[in-house]
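Everything below concerns the one structure shown next.
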Amino acid sequence: MKPPCLTLVDSTGGASRSGKGAKSISPCGREKAPREKPSKPALRQPRQGPTDEAQMAAAAALARLEQKQPRARGPTSQESIRSQVRKELQAEATVSGSPEAPGTNPAPKPKEEGSTHLAVPGVYFTCPLTGAILRKDQRDACIREAILSHFSTDPVAASIMKIHTFNKDRDRVKLGVDTIARYLDNIHLHPEEEKYRKIKLQNKVFQERINCLEGTHEFFEAIGFQKVLLPIPDQEGPEEFYVLSEAALAQPQSLEQHKEQLLHAEPVRATLARQRLVFRPSPLASHFDLPADFFSLTAEELKREQRLRSEAVERMSVLRTKAMREREEQREMRKYTYTLLRVRFPDGCLLQGTFYARERVAALYAFVREALLIDWLPFELLALGGQKLLEDENLAFNECGLVPSALLTFSWDAAVLADIRAAGVQPDSSVLKPELLSAIKKL
């Protein structure tokens, strides 16, 4: 048995310390090798973060794992929730190859113009003055040309149409029209006073309210005013006035009639062409290929839509209030300007028409009634799932989900139909007018 090695102790009672490089000797007679001072470890290089591709792959793998097994507990803070949702959205978008945020309902893409598969070639309008069928971008120019050409036959009516149609600021138009009516009222109430028959063109009220509107000068000249230079007391040069002619003053009833026309006129607007079509029974009844006209998003609105889609992350990560949901529904309803509606009849034939998205449901009932062979019998329109579409004057198509297209089913009122059958009369399966059926097309 080897004796234990002892440490030498100095006289002070402490352990003996040797100088640098000195050797220590154990009681066993063995020399201890000097301890080497450990060298400092080299500085580690900063660790590189995972690449974007690696992050996406990891997030996708995490999403797949989470679908297979339930999560024990989700993140607790709002920021961690948002971060997790972003990762999952990014992973799903990467896997699907689509930049769209999942959970959103992307709008159907518009077809190229000129495609042979379009349900309608576009949205068209009818000029109320000429009856011409116009594209959306042709409306203003055609109406302007029609109004200007109307001056040769009825300058008063043409000037009134110009005032109400060419000036887009309705508040300014109303202010100017009311001021002109006040001028004419003064003449009517004080026909003997000469001062009311003169209108100073440089007058501040005239300049601010009337001169700024298109068509006002044509109106004054059409009803009998003439431009005259008149001297001004205590002023060197004359100024320009509108002065009512004696012939016009002798017909006060005409001035009153012109005033009423001006006050109650409305802007001339092209009306939406329904483009009514009748199709044979087809399995493609619920299939709609819409042209770009039905999608009201401009370039700037498309950018805004992309921003709204990115905000889907926030909507999915926080609880939405009722006000937030209502604002989102309003944005969805404003996405479309027009809607294409089809009505399927008992014989399978389809009636198709174009409507404004904000038009009332009553317009569809009137459109269908015009096409019926027997237009006095009550009927119903059923939406998808058999839900009855109420003939509500206050309900718009975009408020009941009938945009940008929808297929509805026609049905006679059940009570009336039962009475007809009880009388021994079997209603004809064909309910549309013969002239519409004679122009039937294949869908």
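The values are calculated or read from the model by the stated rules, or taken from the named source; none is laboratory data. In this text the structure is predicted, and so the values were computed from the model without any measurement. Don't worry about glycine lacking a Cβ; one is built from the backbone with ideal geometry, like all the others, and counts go over all protein chains shown. Please note that ligands, DNA and RNA were not included when accessible areas were found on the heavy atoms of the full protein model with its side chains. Shrake-Rupley method; radii C 1.70, N 1.55, O 1.52, S 1.80 Å.
A few remarks follow.
- The 3J(HN,Hα) values that the Karplus relation (6.51, -1.76, 1.60; θ = phi - 60°) gives for the range 369-385 are, in residue order, 4, 5, 8, 7, 5, 10, 8, 9, 7, x, 9, 10, 10, 10, 7, 4, x Hz. Gly and Pro appear as x.
- Net charge over other residues, Cβ less than 12 angstrom from the Cβ of LEU402 (K, R count +1; D, E count -1): +1
- Whole-percent carbon and sulfur share, accessible surface of the range 367-443, 1.4 Å: 54
- Positive minus negative residues near THR354 (Lys, Arg vs Asp, Glu; Cβ under 12 Å): +2
- Rounded accessible area per residue of the range 350-443, 1.4 Å, Å²: 53
- Accessible surface computed residue by residue for the range 115-173, with neighbouring protein chains in place and a 1.4 Å probe, gives 53 Å² per residue.
- Counted charge near LEU263, where neighbours are those whose Cβ lies closer than 13 Å (Asp, Glu -1; Lys, Arg +1): -2
- Computed on protein heavy atoms with a 1.4 Å probe, the accessible areas place TYR124, TYR356 in the order TYR356, TYR124, largest first.
- Area accessible to solvent at HIS117, 1.4 Å probe radius, in Å²: 140
- Length added when fully stretched, ILE374-LEU189, from 0.36 nm per residue minus Cα-Cα: 61.1 nm
- Too-long pairs where the Cα-Cα distance tops 25 Å, listed order kept, from LYS162/LYS195; LYS198/LYS259; LYS136/LYS168; LYS168/LYS195; LYS136/LYS259: LYS162/LYS195; LYS168/LYS195; LYS136/LYS259
- Qualifying trypsin sites (Lys or Arg not before Pro) in the range 382-443, DSSP loop, other Cβ atoms within 10 Å at most 13: LYS442
- Accessible surface of the range 133-206 [probe 1.4 Å, protein heavy atoms]: carbon and sulfur percent: 49
- Approximate shape of the range 129-175 as ellipsoid semi-axes (Cα gyration tensor, √5λ), whole Å, largest first: 20, 16, 6
- Long-range HN-HN contacts of TYR124 with modeled amide H, under 5 Å: ALA273
- Among the trypsin sites (Lys or Arg not before Pro) in the range 156-249, those placed in a DSSP loop whose Cβ has at most 14 other Cβ atoms within 10 Å are LYS168.
- FRET efficiency, GLU214 to LEU395 (Cβ-Cβ, R0 35 Å, nearest 0.05): 0.40
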